[in-house]
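The values are calculated or read from the model by the stated rules, or taken from the named source; none is laboratory data. The structure displayed is predicted, hence computed values, not measured ones. We place every Cβ from the backbone using ideal geometry, glycine too, and count neighbours over all the protein chains shown. Calculation scope for accessible area: heavy atoms of the full protein, side chains included, ligands and nucleic acids excluded. Shrake-Rupley method; radii C 1.70, N 1.55, O 1.52, S 1.80 Å.
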Amino acid sequence: MALWFVFALMTAAAIFAVLWPLGRARSDAGGTEAAVYKDQLAEVGRDAAAGLIGSPEAEAARVEISRRLLAADDTERNIPVRTSPIFRRAVAVIALIGLPLMAVAFYLPLGSPRMPDFPLAERTRAPSASEPLDNLVAQVQAHLEKNPTDGRGWSVLAPVLAKLGRFDDAVTAFRNAITYNGDNAARRADLGEAMSAAAKGVITAEAKTEFERAVALDADEVKARYFLGVAAEQDGRAAEAASIWRAMLAKAPPDAPWRPLVQAALVRVGGPSLPALSDDTMASVQGMSADDRSAMVKGMVDRLATRLKQDGNDVEGWLRLVRAYMVLGDRDKAKSALTDARQAVGSDAGKLQQLNEGLKSFGLGG
Amino acid sequence: MIAEAGHYALVLALALALIQSTVPIVGARLRDPALMNVARSTALAQLLFVGLSFVALVTLHVTSDFSVANVFENSHSMKPLLYKITGVWGNHEGSMLLWVSILALFGGLVAAFGNNLPLSLRAHVLAVQGWIAAAFYLFILITSNPFLRIANPPIEGRDLNPVLQDIGLAVHPPMLYLGYVGFSISFSFAVAALIEGRIDAAWARWVRPWTLVAWIFLTLGIAMGSYWAYYELGWGGWWFWDPVENASLMPWLAGTALLHSAVVMEKRNALKVWTILLAILTFSLSLLGTFLVRSGVLTSVHAFATDPTRGVFILLILCLFIGGSLTLYMWRASALKQGGLFAPISREGALVLNNLFLTTACATVFIGTLYPLALEVLTGDKISVGAPFFNLTFGPLFVPLLLAVPFGPLLAWKRGDLAGVAQRLMAAGIAALVAIAMVWAWTSGGAALAPLAIGLAVFVIAGAVVDLVERTSLFRSPFATAMRRARGLPRSTWGTAFAHAGVGVALIGIVCETTWNSEYIGTMKPNDVARLAGYQLKLDDITQRQGPNFREMLAQFTVSRDGDKISVMTPSKRSFTTRGSSTTEAALLSRGASQLYISLGDTAADGGIAVRIYHKPLVLLIWFGPVLMAFGGLLSLSDRRLRVGAPKPAKIASKPPRALQPAE
């Protein structure tokens, strides 16, 4: 809207520029040739007085200039000044109607009035969700095509690719980062993570090798150790996984950001008795804000639900999930979890019995 | 909004230009002052809107708004601010916008400061300006619109062309354009005079400042372009007879001729028809230059544009304006009153001679530039007309011209006394002979022509000095009187002297550089020493350095003479990895007006590096000369006095005292 207002103002200014001289009753007459020759005569006088030219030359010059002066006076006197109201009105109409019409007729097919400006500063401050990141990635990739040995470029690009979900590209990028920017534990761990992400969360043998290399480079590499735990869990060695994670928690500083994640994992493999949780977690949970705490709890619950969807034989797990939903006040989710649980264990009569027993105390009914 | 407002402002400027090109002419026919004055207000409004449009484009470049195609293609967010701004005219669309902005600026200046012009002349002049402007607005909007948008703006621009990121190239195009476009005013005045069918000495008085301004900027623009090529391209050459350079030289030659013939017209009311023709030709050559550079018919370092529709469009504009104005000239010129008469030996005669040589020189450049193009169009053969052709044709034309230069200002108007002038130039001639003898003795052998050419240059410079001495009667009257007379001399006289001396100074530079230029080309390893023109240049070492967006290979040379260390020079070679291009940064060391010049070549496998070292004696004079010429032009421009060429009476009753000279 503001744009159209500006356009209107500009058009008005342009029209005014045409109308203004038409409306003026008297306009300046302009200079004359005679004035120039009169000035020249005066100049000859000055030069002669200053001794720059001799008097014969000055006289000859005066004669010549006077002749021009007379001729100019003649022609100029022959010019009468007239006013032609019809033409003035015609020009006014052209200005008022023709000019805006022409401007619009030219502008509309060429311009893009609906398009706002995109100064770079504003765009980087508020990146829109869709295209800019893709563009940036494409550019960095183009740059790296020309300079494939730019290790720093690969290091910057790889995590972005992983975040965009392009895990296969990310694996290549991390590999190149390691080749050209030096090997270290963090990069190996990232590589392994990208590999397992590419395999839809499964820690493949290849990924596991990377995590092991990372731990070999730096025994305290958190990410690699966590994923080694996950690998153990996925291989069905829950105890080994739990011991890895307990060891991590034991060594971890109390404010480590990854604590809740590992604790949740531990809960996942450690069954209902949660010895590690009570001490360490409670300590950290007390230090958390209400939001963080509920976020952490929700995260734990979600992970439990995900796991149970994959492996529904764990009756204790189901009971814990339903209880958790009840505690969180989400009756609907609790009910749906219950239905899921019944379906999952439905074939096993003993387990169904166990489930029903446990549910009685929740008061959910049938 | 900025982009669209800029775009709309350009469209409005077109609409105003169309009104400006018609209404005032109707007004002049009807003798209605109000309609004629529409020219003035529309010219000013047009300047306002083009200015807005240009400012909008600069803003878009500075804020890196890549939704504008022009910004996306020619800018990059990592460019330094200065090059973001200068990048506006480093590309085709932006430079055309600059072109029309300058055109509108000149039109606006005529509208604002043309109070002394008769109403109908001003109306006609501005209307002709309106035609030119309208044609170029259409060209920009239709074929090279800088405000077109991209629907999905990319996040980063494309261009970081390292060669264009240079201060010389940033300043040189606007200078050249001020020159090119400035001649449009002379053109408009000429066409207006043809339309009105009336032309007088007053016309020359009114057109004088505009021609001078254009000439000054063109002189400086050419000199700056030449210096840029000298230090940035790394070949050590300063003039290549490249078509783009020729395209700027042709309007300069014609413009110089115009400047001189307009003097005759203003002072003596003679050469009127010829001056009109020169004004038309000068701007036509400017248009031709624009066409050559902007259409992409040339492929040289300067050519950016390659779109054929553009070329055809500019060619149409070219035919329309050149053809149209020349037709008008043929039709109306015979109706113009002929001016005053003069004897062949007179100031007027000398200026006619000057015009003849300058226009012939211009014609040779024209042929040398366009013949290869025409041949390529007709037969498909690609030939290049290079320095040998121009040296053979251009040089011989300039020698008699320069010989005549000192005579011109000393001759009297209407009837001159050649013997008397020769007598007065005796001192200059002696100075020239002494210079020839000295140079001959000093160089003993070598090029036989060089000492003569230097003698010619000295003659031109000494001639300018003699002119001043004569006018102030420095050695004949007491010193105080001479000083008083020097103060009383019109500034245009000083301007003439400076400009003429500038030609001589430039000639000395050119002759010295081309004749005694010595070079060393070879592969050097660290601690090697090259000997050149009495200097020892030791390559200390070669180092690598990381710049902001390039890697640089620096070579450090210690320059010494007779064992005394003088200075350190560090030429370098930069490679820009993002674009995969490299530039040569030559190192220059000025010793007086002479320069040492080192540029690096490729590295050899064994660690050596190809090096070109030049010693260029007095090379700086090549550019100092034009600066002096431009200064002379400026002096002349600042002289707002009326000019009268007092004729020498045919019969002299009593012999006038020798001290009395014709006035300037």
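With the dipole of chain B worked out from charges on the C-beta (+1 for Lys and Arg, -1 for Asp and Glu) around the Cα centre, which of B:GLY607, B:PRO209, B:PHE576 lies farthest toward the positive end? Towards the positive end, the residue furthest out is B:PRO209.
Note down the nm distance, to one decimal, between modelled labels 7 Å out along Cα→Cβ at B:GLN546 and at A:GLU316. Roughly 5.6 nm, to one decimal.
Would you work out which of B:GLY179, B:PRO118, B:ASN91 lies farthest towards the positive end of the dipole of the range B:85-244? Charges go on Cβ: Lys and Arg +1, Asp and Glu -1. Farthest along the dipole direction, towards plus: B:PRO118. Couplings 3J(HN,Hα) for the range B:611-618, derived from phi with the Karplus relation 6.51 cos²θ - 1.76 cosθ + 1.60 (θ = phi - 60°), are 10, 10, 10, 10, 10, 10, x, 6 Hz, where x marks Gly and Pro. Extending 7 Å from the Cα toward the beta-carbon at both A:ARG303 and B:TRP331 defines two label points whose distance is 9.1 nm.
What's the extension gain from A:THR204 to A:ASP332 if we count 0.36 nm per residue and subtract their Cα-Cα distance?
Working it through step by step, the gained length comes to 42.4 nm.
If you sort the three axes of the alpha carbon gyration tensor as a ≥ b ≥ c, you get a/c of 1.5 or more for the range A:132-268 and a/b above b/c, which makes it prolate.
Remark: spin-label model distance B:ALA427-B:LEU373 equals 4.8 nm, labels positioned 7 Å along the Cα→Cβ axis.
Close amide H pairs (under 5 Å, H built 1.01 Å from N) link B:LEU532 with B:LEU537, residues at least 5 positions away or on another chain. With all protein chains in place and ligands, DNA and RNA left out, the 1.4 Å accessible area ranks B:LEU47, B:LEU253 as B:LEU47, B:LEU253, largest first. Among complete DSSP H helices in chain B, those whose alpha-carbon atoms stretch at least 18 Å along the helix's long axis and whose mean Kyte-Doolittle hydropathy reaches 1.0 are B:2-30, B:33-62, B:92-113, B:119-143, B:167-196, B:272-295, B:347-379, B:387-404, B:426-443, B:449-472, B:621-638. When the C-alpha to C-alpha distance is required to be over 29 Å, the pairs from A:LYS146/A:LYS208; B:LYS337/B:LYS414; B:LYS382/B:LYS525 that qualify are A:LYS146/A:LYS208; B:LYS382/B:LYS525.
When A:GLU43, A:GLU206 are compared by accessible surface with a 1.4 Å probe, the order from highest to lowest is A:GLU206, A:GLU43. Put a plus charge on the Cβ of each Lys and Arg, a minus charge on the Cβ of each Asp and Glu, and nothing anywhere else: the dipole of the protein assembly as shown about its Cα centre is then about 3640 debye.
Taking 0.36 nm per intervening residue step and subtracting the Cα-Cα distance, what contour gain separates B:LEU138 from B:THR570 on full extension?
Going from the current span to full extension adds 150.6 nm.
Calculated mean residue ellipticity at 222 nm for the protein assembly as shown: -22000 deg cm²/dmol, from DSSP H runs with n ≥ 4 weighted as -39500 (n - 2.57), summed, divided by the residue count and rounded to 500. In this view, the solvent-accessible surface of B:TRP238, computed with a 1.4 Å probe and all protein chains in place, comes to about 40 Å².
Roughly how crowded by other chains is peptide A:60-67, in terms of the mean Cβ count from those chains within 10 Å of each of its Cβ atoms?
Other-chain Cβ atoms within 10 Å of each residue's Cβ, averaged: 5.
By a 1.4 Å probe calculation restricted to protein chains, A:MET115 has an accessible surface near 30 Å², given to the nearest 10.
Using only side-chain charges placed at the Cβ, +1 for Lys and Arg and -1 for Asp and Glu, the dipole size of chain B relative to its Cα centre rounds to 2760 debye.
Under the rule a/c < 1.5 gives rounded, and otherwise a/b versus b/c splits prolate from oblate, where does the range B:334-456 land using the Cα gyration tensor?
oblate
Note on B:CYS319: accessible area approximately 80 square angstrom, rounded to 10, probe 1.4 Å, nucleic acids and ligands left out.
Using the Cβ-Cβ distance between A:ALA71 and B:ILE85 with R0 set to 45 Å, the FRET efficiency from 1/(1 + (r/R0)^6) comes to roughly 0.30. For the protein assembly as shown, build the charge dipole from Cβ charges (+1 Lys, Arg; -1 Asp, Glu) around the Cα centre, then report which of B:PHE557, B:THR493, B:ALA170 sits farthest towards its positive end. Looking along the dipole axis, the top candidate is B:THR493.
Length gained on full extension, B:VAL55 to B:THR360, computed as 0.36 nm times the residue gap minus the Cα-Cα distance: 105.6 nm.
Computed from the C-beta positions of B:TRP235 and B:THR309 and an R0 of 25 Å, the FRET efficiency is 0.15 to the nearest 0.05.
Of the solvent-accessible surface of the range B:68-206, computed with a 1.4 Å probe and all protein chains present, 66% belongs to carbon and sulfur.
Could you sort A:MET300, B:MET265 by accessible area so the largest value comes first, with the probe set to 1.4 Å?
Heavy-atom accessible area, descending, gives A:MET300, B:MET265.
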